[in-house]
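**Student:** Below: one structure in structure tokens.
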């Protein structure tokens, strides 16, 4: 069987972590890079990832996560925080970065910049936030697949008090929308022995 498929079948939303096992620095950097390299519309990456290392802060976040022990027990805890809006300064900063990375005169990118500004200007603040959030979920997908390939367990989480997270993480122009616990499953986690339930391929896919 293909190794990728084997690992995707192996992964599950881990419920209990082995608190004695930690992700090594090499693998941690690979996990982080997998998010950074994830695709996003126009390449704007309108979100950031906060790696919460402070045990005290993780304990505080635990109390705002409806008692989900993964927050404190996993080796690492990532919080995805998206920009509340997508405005001209964000696009200008991205255009400057493109020009620098590709050794271009920034004026060569005027058309691209105008197109992005025109598109985003048509969106309400709520629509911009929704669009930004969707980009974060693409990063989440990259992270979960990479973790599985590294034989690292992961638990994507939306069940938390976003307002409290924003305050604890001192987010001003961003909002926490999802989090991921990462580490190694406990041998006592019964969920790892349950069959993975997915629709059959002939039902899930349609060829027209």
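The values are calculated or read from the model by the stated rules, or taken from the named source; none is laboratory data. Only a predicted model underlies this, so the values are computations on that prediction, with no experimental measurement involved. Note that each Cβ is placed from the backbone with ideal geometry, even for glycine, and that neighbours are counted across all protein chains shown.
**Student:** For region 83-195, give me every one of the helices (runs of 4 or more DSSP H) that falls completely inside it and has 2 or more residues that are within 19 Å of residue 49 (Cβ to Cβ) and touching a helix residue (DSSP H, G or I) at 6+ places or on another chain (Cβ under 7 Å).
**Tutor:** Per the criteria, 125-149, 162-168.
**Student:** How many residues does region 106-133 contain that are free of Cβ contacts under 8 Å to residues at least 40 places away in the same chain and under 14 Å from the mean Cα position of the chain (by Cα)?
**Tutor:** 0
**Student:** Considering only residues that are without any contact (Cβ under 8 Å) to a residue 24 or more places away in the chain and farther than 26 Å from residue 34 by Cβ, look in region 149-169 and name the one that is surrounded by the fewest Cβ atoms within 10 Å (Cβ to Cβ).
**Tutor:** Result: 163.
**Student:** Does residue 200 fit the bill of being within 19 Å of residue 8 (Cα to Cα) and either over 19 Å from the mean Cα position of the chain (by Cα) or not assigned by TED's automatic domain parsing to the domain that holds residue 36 (or both)? Break it down stepwise before answering.
**Tutor:** Numbers: within 19 Å of residue 8 (Cα to Cα): yes; either over 19 Å from the mean Cα position of the chain (by Cα) or not assigned by TED's automatic domain parsing to the domain that holds residue 36 (or both): yes.
Yes.
**Student:** Also, I was wondering about something else. What number of residues within region 50-73 are touching a residue at least 60 places away in the same chain (Cβ under 8 Å), out of contact with any helix residue (DSSP H, G or I) (no Cβ under 9 Å at 6 or more places or on another chain) and either assigned to a loop (DSSP other than H, G, I, E, B) or not assigned by TED's automatic domain parsing to the domain that holds residue 158 (or both)?
**Tutor:** 1
**Student:** Does residue 102 satisfy being modelled with pLDDT of 95 or more and under 30 Å from residue 68 (Cβ atoms)?
**Tutor:** No.
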